[in-house]
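Chemist: Before we start, here is the structure in question, set down as structure tokens.
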Amino acid sequence: MLRAVQLYTFLEHCNESDLPKEILECGAGVWDPDVEPLFVRFANADYAVRGIEISEERASNALAYCKGHGIDVELAVADMRDLPFDDASISHAFSYNAIFHLPKAGIAQAIDEIRRVLRPDGVCFINFAGSGDTRCGEGEEVGPGEFQQTEGDEKVLHSFFDHTEADALFDGFQIAHRERRTLDRLFEDGMYRQEYIDYIVTKA
């Protein structure tokens with residue numbers, strides 16, 4: 001299971017809401033059917049959970065985990081830039097370590113979609129890759145702060161943001177929490193710095 005302790009702070013914000021206990025994860029798939037999806041911690045807190053995942057394989061892995069552990073979830077193969085939900089139909093939403101694999105224009109589209117489907121006063125968590133990350137600047141630059149990088153046998157896009165750069169994306173939201181986190185981690189080929197910028201926002 002990913003620790004993702006920041007989601008417990010987000011869960012506290014959701015628990016303070018008077019809205020129905022329901023949540024959507026954008027990017028809800030997992031790379032292995034033995035890995036616990038992040039939305040499970042909300043299911044364990046008695047939230048009705050929904051998820052979307054663009055990868056059919058990762059969506060299938062998440063469903064296999066849920067089936068094996070008796071967890072009820074509505075999970076669709078879909079793109080977070082085009083959410084298959086009605087306007088103002090979901091109380092809470094989150095995207096953890098997923099949205100920054102889109103180009104910055106696509107990130108803006110995804111946040112617009114999350115805003116559209118959230119109820120008024122709905123709460124959302126989104127985190128971004130920070131420009132202080134060791135990976136920023138590596139690979140082929142395809143746009144300002146956007147780099148096509150190699151992970152294993154795959155080409156993966158990472159979009160990196162300065163500390164307050166993403167504030168402008170949250171028009172129509174109130175920013176309740178913004179935190180820049182840095183982690184120095186030792187990998188086989190050396191020490192790397194990972195930087196993330198976490199937002200918890202409320203739909204105005």
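Every number in this text was worked out from the coordinates using simple rules, so none of it is lab data. All of these numbers come straight from a predicted model, not from anything done at the bench. Because the Cβ atoms are built from the backbone with ideal geometry, glycine has one as well, and the counts that use them run over all protein chains shown.
Chemist: Taking a cut-off of 20 Å between Cα atoms, list the aspartates and glutamates near Lys67, but don't count ones fewer than 8 places away on the same chain.
Modeler: Of all the aspartates and glutamates, those that pass the test against Lys67 - Cα under 20 Å, at least 8 places apart if same chain - are Glu22, Glu25, Asp32, Asp34, Glu36, Asp46, Glu53, Glu56, Glu57.
Chemist: Using packing as a proxy for protection, rank 71-83, 138-150 so that the peptide with the highest average count of other Cβ atoms within 10 Å comes first.
Modeler: 71-83, 138-150
Chemist: May I ask for the net charge around Arg115, where only other residues with Cβ less than 13 Å from the Cβ of Arg115 are counted and Lys, Arg are +1 while Asp, Glu are -1?
Modeler: After counting each charged neighbour, the total is -1.
Chemist: Further question on the same structure: Quick query: amide H of Leu75 versus all other amide H atoms, modeled in the peptide plane; which residues come in under 5 Å with a sequence gap of 5 or more or a different chain?
Modeler: Amide H neighbours of Leu75, under 5 Å, 5+ apart: Gly51.
Chemist: With a ≥ b ≥ c the root eigenvalues of the C-alpha gyration tensor of the range 1-91, is it rounded (a/c under 1.5), prolate (a/b larger than b/c) or oblate?
Modeler: Taking the square roots of the gyration eigenvalues as a ≥ b ≥ c, the range 1-91 is oblate.
Chemist: Specify whether the C-alpha gyration tensor of the range 110-186 places it in the rounded, prolate or oblate class, a ≥ b ≥ c being the square roots of the eigenvalues: rounded for a/c under 1.5, otherwise prolate if a/b is larger than b/c and oblate if not.
Modeler: prolate
Chemist: Sorted by average packing, counted as other Cβ atoms within 10 angstrom per residue and highest first, what order do 99-105, 53-59 take?
Modeler: Ranking, from highest mean packing down: 99-105, 53-59.
Chemist: Output ³J(HN,Hα) for the range 153-164: one whole-Hz value per residue in order, computed from phi by the Karplus curve 6.51 cos²θ - 1.76 cosθ + 1.60 with θ = phi - 60°, and x for Gly and Pro.
Modeler: 9, 10, 8, 10, 7, 10, 9, 10, 10, 5, 3, 10
Chemist: Which peptide among 168-177, 34-43 comes first, and what is the full order, when sorted by highest mean count of other Cβ atoms within 10 Å?
Modeler: On the way: 168-177: 14.5, 34-43: 19.3.
Output ranking for 168-177, 34-43: 34-43, 168-177.
Chemist: Now for a separate question. Which ³J(HN,Hα) values in Hz, rounded to whole numbers, follow from the phi angles of the range 140-148 under the Karplus curve 6.51 cos²θ - 1.76 cosθ + 1.60, where θ = phi - 60° and Gly and Pro get x?
Modeler: Coupling constants for the range 140-148: 8, 6, 10, x, x, x, 10, 9, 8 Hz.
Chemist: While we're here: Counting only helical runs of four or more DSSP H residues, what would the 222 nm mean residue ellipticity of the chain come to if each run contributes -39,500 (n - 2.57) and the total is spread over all its residues?
Modeler: That calculation yields -6000 deg cm²/dmol at 222 nm.
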